[in-house]
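Contents: one structure, followed by commentary.
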Amino acid sequence: MARILIVEDDRTAGNLAKEWLQTQCHVVDLVFDGNDGAELALHQDYDLMILDWELPGRSGLEIVKTFRARSGTAPIIFVTGRSSIEDKTASFEAGIDDYLTKPFELKELSLRVKALLRRPRELQPVILQKGGITLHVDSHKSFYQEVEVPLKPREFVLLEFLMLNANLVFSPEALRNKLWSIDEDIGDTGIRVLISRLRNKFGGRNSPVKNVYGVGYTFQVENS
């Protein structure tokens, strides 16, 4: 799971890419204007950004230059109809990490996203095992004490995040900022319901998924 920003003025193409990446359990914000894209890029925490070059308000190249000038490190994919070596040179010199020429297959976009998400940091484990729970990240399967437990996509994403950050406590607002896109409307009650479902599915009162009264939620294990 990653939080991804798409800035694309072609609404059909943008929505297709967003829906495609959401099927892979990514959290995706989509905007159609360069000024909106720059605002999000500079003030939200994204794992990866997908930018068109030609945008209303501010170009993708301007967004990249500003983002890198302010020490932004998230990998960036350019998706554009421009294909000249001069355009590619300017883009990579500005600080992009990959360049995808339109039209392209969504499966190819997935491969580029997956490669970049693994490049700048340590590889995340493909199997998480803590507190009697096993998550197979690639296949989105979960087990409790070796018995498979079906999870809905949002339940899986939430549990994966908590397990990766075991023993850290997250407020509802922090979880919203990390795990839900800007156009998803989920309040504290919705998060509390998801946590309750996870607790019921993984141990009940003995679940490592804990409520920390007045603070938030955590995945509590010893010697993590």
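All of the numbers you see were taken from the coordinates with simple rules; none came from a lab. Keep in mind the model is a prediction, meaning the values are calculated, not measured. Neighbour counts run over all protein chains shown; Cβ positions are idealised from the backbone, glycine included.
Let me make sure I get this right: for the stretch 121-224, a, b and c are the square roots of the gyration tensor eigenvalues over alpha carbons, sorted descending. Under 1.5 in a/c it's rounded, otherwise prolate if a/b > b/c, else oblate. Which is it? Since a/c stays below 1.5, the shape of the stretch 121-224 is classed as rounded. Computed over the chain, relative contact order equals 15 percent, with contacts defined as Cα pairs under 8 Å that lie 6+ residues apart. Multiplying the residue separation of I182 and Q24 by 0.36 nm and subtracting their alpha-carbon distance yields 55.1 nm. The residues packed around V215, meaning those with a beta-carbon under 14 Å from its beta-carbon, carry a net charge of 0 if Lys and Arg are +1 and Asp and Glu are -1.
Please state the shape class of the stretch 3-57: rounded when a/c is under 1.5, otherwise prolate if a/b exceeds b/c and oblate if not, all from the C-alpha gyration tensor. The shape class here is oblate.
Restricting the calculation to Cα atoms, the chain yields a radius of gyration followed by a Dmax of 19.0, 61 Å. Among residues other than L179 with Cβ under 10 Å from its Cβ, the summed charge is +2 (Lys and Arg +1, Asp and Glu -1).
In terms of surrounding Cβ atoms within a 10 Å radius of their Cβ, Y46, Y213 rank from fewest to most as Y213, Y46.
Of the DSSP H helices in the chain, those that are both long (alpha-carbon extent of 15 Å or more along the helix axis) and hydrophobic (Kyte-Doolittle mean at least 0.0) are 106-118, 153-164. With contacts taken as Cα pairs under 8 Å and at least 6 residues apart, the stretch 104-224 reaches a relative contact order of 22 percent.
Give the shape of the stretch 3-118 as rounded, prolate or oblate, defined through the alpha-carbon gyration tensor: a ≥ b ≥ c are the square roots of its eigenvalues, a/c under 1.5 means rounded, and otherwise the shape is prolate if a/b is larger than b/c and oblate if not. Cα axes put the stretch 3-118 in the rounded bin.
Placing a pseudo-label 7 Å from each Cα along the Cα-to-Cβ vector at T189 and K65 gives an inter-label distance of 4.9 nm.
FRET efficiency for the S84 to H140 pair, using the beta carbon distance and R₀ = 41 Å, is estimated at 0.55. Amide H to amide H distances under 5 Å link Q220 with N167, V209, K210, where only residues 5 or more positions off or on other chains count and H is placed in the peptide plane.
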